[in-house]
Amino acid sequence: MSRQKIAAGNWKMNKDLNEAVKMVLFLKDQDRPKDTLTVLGVPFPFLQTCINETIGSTDLIVAAQNCHHKESGAFTGEVSVPMLKSIGVSHVIVGHSERREYFMETDEMVGIKVRILLNHSMVPIFCCGEPLEVRKEGSHESYVKNQISKALFTLNKEEIIKLIIAYEPIWAIGTGETASPEQAQEMHHTIRTHLKAKFGKVSDEISILYGGSVNPGNAKELFSQTDVDGGLVGGASLQEEGFLSIIHSF
Ligand code: PEP
């Protein structure tokens, strides 16, 4: 995969089936820039229906918000990568800070998920980002670099370019407080440089998204930063017109 503009929504635990389908049909109907990939992070129960609505589309696709780190087994209530693959899911968000915080997911677990997804020719949307106290003490760059090294540095060059990376400072998620465009660019550059040190030039081909209170009012400036290839958007991806405006912000 090569670097591209991406507007990814993460609906989290919101919407019912009717609302989910309505959103997909709305976006399908609208003029969207041809060079921008729109991704919808849909709750598990609606994946199949939403995928059926987007079959044949290359610029509007559906992603799962999580997967389990084992391929199968006695894990009641969990959803495996092969299950997602079997219903046509191509992209999966892994390591979202809410999964890390509320479900005790570690870098190691997230790394295993990435590995399984790649083994099944699927695209991991790998999330990383620092909590507020780490930002305040000034060690955010080493914190994020460490998350990346632990989860991703067993991959090779051919594998790493298949990922989408989302930098999401935890203090900006769902808080209304956004990283400034300069703060986003600084961290995205740090991430790309860190990847370059390990994987070389291919790092220029990796899409790195910013996430954290992106909205129609700030998306344009954030997305115009050199190393920001788009956004992973939570709250603002739930509203039709608002998300469409974000898609048009490149
Ligand atoms: C997210 O959930 O990934 C996110 C960035 O949420 P929000 O846009 O609401 O901050």
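The values are calculated or read from the model by the stated rules, or taken from the named source; none is laboratory data. Worth saying up front: this structure is predicted, and the values here are computed from it rather than measured. Backbone-built Cβ (ideal geometry, glycine too); neighbour counts: all protein chains shown. Quick note on the areas: whole protein, heavy atoms, side chains included, nothing else; ligands and nucleic acids left out. Shrake-Rupley method; radii C 1.70, N 1.55, O 1.52, S 1.80 Å.
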Check: Each label point is 7 Å from the Cα along the Cα-to-Cβ direction; what then is the distance between the points at E221 and R3, in nm?
Finding: 2.3 nm
Margin query: Tell me which trypsin sites (Lys or Arg not before Pro) from the range 1-44 have a DSSP coil assignment and no more than 11 other beta carbons within 10 Å of their own.
Written below: K34
Next item on the list: Would you give the gap between the C-alpha center of the range 171-250 and the C-alpha center of the range 54-99, rounded to a whole Å?
Entry: 22 Å
Item checked: Theoretical gain in end-to-end length, M13 to S142 [0.36 nm per residue, Cα-Cα removed] -> 43.3 nm
Next item on the list: For the range 65-211, report the accessible area per residue in Å² (1.4 Å probe, heavy atoms, rounded to an integer).
Entry: 44 Å²
Check: For the chain, what % of the accessible area comes from carbon and sulfur atoms, probe 1.4 Å?
Finding: 53 percent
Notebook entry, point to check: Which of V214, H188, S237 sits closest to the plus end of the dipole of the range 177-250, meaning its Cα is farthest towards the positive end, when Lys and Arg get +1 and Asp and Glu get -1 on the C-beta?
Noted result: H188
Item checked: Signed unit charges on C-beta, dipole axis of the chain, positive-most listed residue S139, T175, I246 -> S139
Note to self: So for the range 7-85, averaging the separation of alpha carbon pairs under 8 Å that are six or more residues apart and normalising by length, what relative contact order in percent results?
What the structure shows: 29 percent
Checklist line | Tensor-based shape of the chain (alpha-carbon gyration tensor, a/c under 1.5 rounded, otherwise prolate or oblate) | finding: rounded
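Using a simple charge model, +1 on the beta-carbon of Lys and Arg, -1 on the beta-carbon of Asp and Glu, nothing else, what dipole does the range 110-234 show about its Cα centre, in debye to the nearest 20?
Once rounded to the nearest 20, the dipole reads 500 debye.
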